[in-house]
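K.L.:
This is the structure I want to talk about, given as structure tokens.
The values are calculated or read from the model by the stated rules, or taken from the named source; none is laboratory data. Owing to the predicted nature of the structure, the values given are computational and were not obtained by experimental measurement. Note that each Cβ is placed from the backbone with ideal geometry, even for glycine, and that neighbours are counted across all protein chains shown.
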């Protein structure tokens, strides 16, 4: 009965899930309502990037230095062309590596999310597509990479 009264009172006062999450940002609901931009913070680490013409060795080096298991592949104007993940690198070893470029190895239509999307949407996108990395893109330019291990560590995913 108490829960029912609380629900009616919340409805009458216009108290939404978003308002609850705003007042309790550390809880499960608050975390899921948080935006990707909020999660990234003011100064997100720059995502690992390589140009389309990067050699296979340069790709592996960028992924290793970026420590997120992926690198965004950029067109010459800096816009997103694709993504190369650890899995793409492993699959490339079945080919002749000599002369391979980022364009040869990349996935050309990566899953992306905008910085103003909710974190719950990011988790859903990664879960539904069974991917470990998600590019955060603003104005067709990668601004961050979200990795599932980070989300698990922060409590977004159990």
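K.L.:
Please state which of the following conditions residue 112 fails to meet, knowing it meets all the rest: (1) touching a residue at least 40 places away in the same chain (Cβ under 8 Å); (2) surrounded by 15 or more Cβ atoms within 10 Å (Cβ to Cβ); (3) closer than 15 Å to residue 68 by Cβ.
P.N.:
So the condition that residue 112 fails would be (1).
K.L.:
Residue under question is residue 63, and the condition is that it be touching a strand residue (DSSP E or B) at 6+ places or on another chain (Cβ under 7 Å), under 27 Å from residue 154 (Cα atoms), modelled with pLDDT of 85 or more and assigned to a strand (DSSP E or B); does it hold?
P.N.:
So residue 63 fails the test.
K.L.:
Name the residue, out of 128, 153, that is in a helix (DSSP H, G or I), out of contact with any strand residue (DSSP E or B) (no Cβ under 9 Å at 6 or more places or on another chain), over 19 Å from residue 73 (Cβ atoms) and modelled with pLDDT of 95 or more.
P.N.:
128
K.L.:
A further question on this structure: Go over the candidates 95, 90, 109 one by one and state the one that is in the same structural domain as residue 53 (by TED's automatic domain parsing), over 12 Å from the mean Cα position of the chain (by Cα) and part of a helix (DSSP H, G or I).
P.N.:
On the way: 95 fails: part of a helix (DSSP H, G or I); 109 fails: part of a helix (DSSP H, G or I).
The unique qualifying residue is 90.
K.L.:
Just one of (1) in a helix (DSSP H, G or I); (2) at pLDDT below 95 trips up residue 158, so point out which.
P.N.:
Among (1) in a helix (DSSP H, G or I); (2) at pLDDT below 95, the lone unmet condition for residue 158 is (1).
K.L.:
Sticking with this one: Among the residues of the range 72-87, are any surrounded by fewer than 20 Cβ atoms within 10 Å (Cβ to Cβ), in contact with a helix residue (DSSP H, G or I) (Cβ under 6 Å, 6 or more places away or on another chain), part of a loop (DSSP other than H, G, I, E, B) and on the phi > 0 side of the Ramachandran plot?
P.N.:
Within the range 72-87 (the criterion being surrounded by fewer than 20 Cβ atoms within 10 Å (Cβ to Cβ), in contact with a helix residue (DSSP H, G or I) (Cβ under 6 Å, 6 or more places away or on another chain), part of a loop (DSSP other than H, G, I, E, B) and on the phi > 0 side of the Ramachandran plot), the answer is no, since none of the residues qualifies.
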